[in-house]
Amino acid sequence: MINVSKLKKGIVIDHIKSGNGYKIFRQLGLDKLEDTVVLLKNIPSKKMQVKDLIKIENDIYLDLTVLGLIDSGVTINIIENGQKKKKIKLELPRKVYGILKCKNPRCVSTIENVGDIEFTLVNPATREYQCEYCHENTKL
Amino acid sequence: MIKGKSLIEANDFSLEEIDDLLDFAGKIITREKDYSDLCKGNLIATLFYEPSTRTKFSFESAILRLGGQVIGFADAMTSSVSKGESLVDTIQTISYYADLIIIRHPKEGAPKLASKFSKIPIINGGDGGHQHPTQTLTDLLTIHQLKGSISNFTIGLCGDLKFGRTTHSLAKILLQYPGIKFVFISPEELRMPDYIKAEIGNNRFEETNSLERSIAQLDILYMTRIQKERFFSEEEYLRLKDSYILDNNIMKMAKNDMIVMHPLPRVNEIAAEVDQDERAVYFQQAKYGMYIRMALISKILGKGRKL
């Protein structure tokens, strides 16, 4: 087992579904950070059997919407002085802008440059969002 | 207040605003000549990105009967769209010429997009199979005029209740009026979606696949066409397309004062022989469509004050 030392200050993104770690790493642009960042894949987990985990050795701004969309099951721990200062449990965002695209071929967004489409969560269980223009549901 | 508002979806207007429109349309019907100059000096753009004879004529006759003037196109290929101009650019330009834009577009959500960029109000004249709010207002005026009020009746919606969004928006508005009960008549495959039934509530509707067995209890029968373009398989369309054909034999089972409505065009869901029955009001519906559009245009332009 690979050991990574405890963080003194920074962010731990835990309980990432195995395979989603790299997606989150990429979407949050962690490759561009100059701080120390660790992405661990396929760590044994009692709750999840295997999970991914990311540690960032700095307190950076995290786009929780992006995180929630990729994997709403993750937990975020904010670490200060080696202690857990805050734990954030994610939920699917109610509104999403500029991340999803409408998959309905009859939607005006397929032919016009409409900018960021507002998608509204209509069914958390099926992770379905509704396009503001055509009202068709898009699954994540 | 309707003045200056856009109409993109039927529920953009409150029930109070809709009632105001229905009252005003009623005044125009009784004293049409008094309103013939109401919109004199107003220029209204009709941008029809897909052909639609009925809706276009209805809007244009409404404008002309109010003394207004019309600019526009009936086919996108005769406009700058053929040069590749975007909808947003067209709307921003036309906004400086006209006082109101009426848009019909094959893409769903196009009128909403237009309303975001327009400096003047937009009326949605239909966006694909998505929304057609002036059809809903037409239906409401027809009921209001022919039944005397919009309350305490049983309405049967028959045909394609799954994809037919006209019936969805009509049902969602009607359920806000008192004493309205629904009978949803459709094949299993074309049932009213669950989310609309949930909004209506179990005690206000019943569901059946038999028109014959349910027609006797109806005050209004709203027939719809089963649309070919909604089906992925030709086979399924052919199997369902003639699920309901209203003819004189079925009409014999209906109440004497029941009315038959249809948004038109019909295919063969209503036999031509029914046209002679005075309870068949679907052609009158087209007339009311023009009057409600007269009321709507006047009110949006701020001209709908009592004379």
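The values are calculated or read from the model by the stated rules, or taken from the named source; none is laboratory data. These numbers were taken from a predicted model, which means no experiment stands behind them. For neighbour counting, all protein chains shown are included, and Cβ atoms are generated from backbone atoms with ideal geometry for every residue, glycine included. These area figures cover heavy atoms from the full protein model, side chains too; ligands, DNA and RNA do not enter into them. Shrake-Rupley method; radii C 1.70, N 1.55, O 1.52, S 1.80 Å.
Below, the figures for the structure above:
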| quantity | calculated |
| --- | --- |
| Subset of the range B:233-283 (residues that are assigned to a loop (DSSP other than H, G, I, E, B), open to solvent by less than 50 Å² (accessible area, probe 1.4 Å) and under 19 Å from B:E212 (Cα atoms)) | B:S243, B:Y244, B:D247, B:A254, B:M258, B:H262, B:E269, B:A271, B:D277, B:R279 |
| Among the candidates A:E118, A:E112, residue that is within 14 Å of another protein chain (Cβ to nearest Cβ), in contact with a helix residue (DSSP H, G or I) (Cβ under 7 Å, 6 or more places away or on another chain) and either under 28 Å from B:E50 (Cβ atoms) or surrounded by fewer than 18 Cβ atoms within 10 Å (Cβ to Cβ) (or both) | A:E112 |
| Every residue from the range B:103-129 that is in contact with a Lys or Arg (Cβ under 9 Å, 6 or more places away or on another chain), open to solvent by 10 Å² or more (accessible area, probe 1.4 Å) and within 14 Å of chain A (Cβ to nearest Cβ) | B:R104, B:P106, B:K107, B:G128, B:G129 |
| Residue match in the range B:59-70 (condition: open to solvent by less than 10 Å² (accessible area, probe 1.4 Å) and within 14 Å of another protein chain (Cβ to nearest Cβ)) | no |
| Residue check, A:Y129 of a type in the set (F, W, Y) and away from chain B (no Cβ under 14 Å) | yes |
| Out of B:L240, B:L301, sole residue that is closer than 22 Å to B:L22 by Cβ, in contact with an Asp or Glu (Cβ under 7 Å, 6 or more places away or on another chain) and aliphatic (A, V, I, L, M) | B:L301 |
| Residue ID - least open to solvent (accessible area, probe 1.4 Å), chosen from residues in the range A:92-109 that are among the aliphatic types (A, V, I, L, M) and more than 12 Å from every other protein chain (Cβ to nearest Cβ) | A:V96 |
| Candidate set from the range B:131-143 (those that are within 14 Å of chain A (Cβ to nearest Cβ) and open to solvent by 10 Å² or more (accessible area, probe 1.4 Å)); member that is nearest to the chain's Cα centre (by Cα) | B:H132 |
| 1 or more residues of a type outside the set (S, T, N, Q) and within 29 Å of A:S5 (Cα to Cα): qualifying strands (runs of 3 or more DSSP E) within the range A:31-140 | A:37-45, A:49-56, A:75-80, A:83-89 |
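Residues checked against (1) at pLDDT 90 or above; (2) within 10 Å of the chain's Cα centre (by Cα):
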site: A:L7; (1), (2): no, no
site: A:V12; (1), (2): yes, no
site: A:I16; (1), (2): yes, yes
site: A:Q27; (1), (2): no, yes
site: A:V50; (1), (2): yes, no
site: A:Y61; (1), (2): no, no
site: A:L67; (1), (2): no, yes
site: A:S72; (1), (2): no, yes
site: A:N77; (1), (2): yes, no
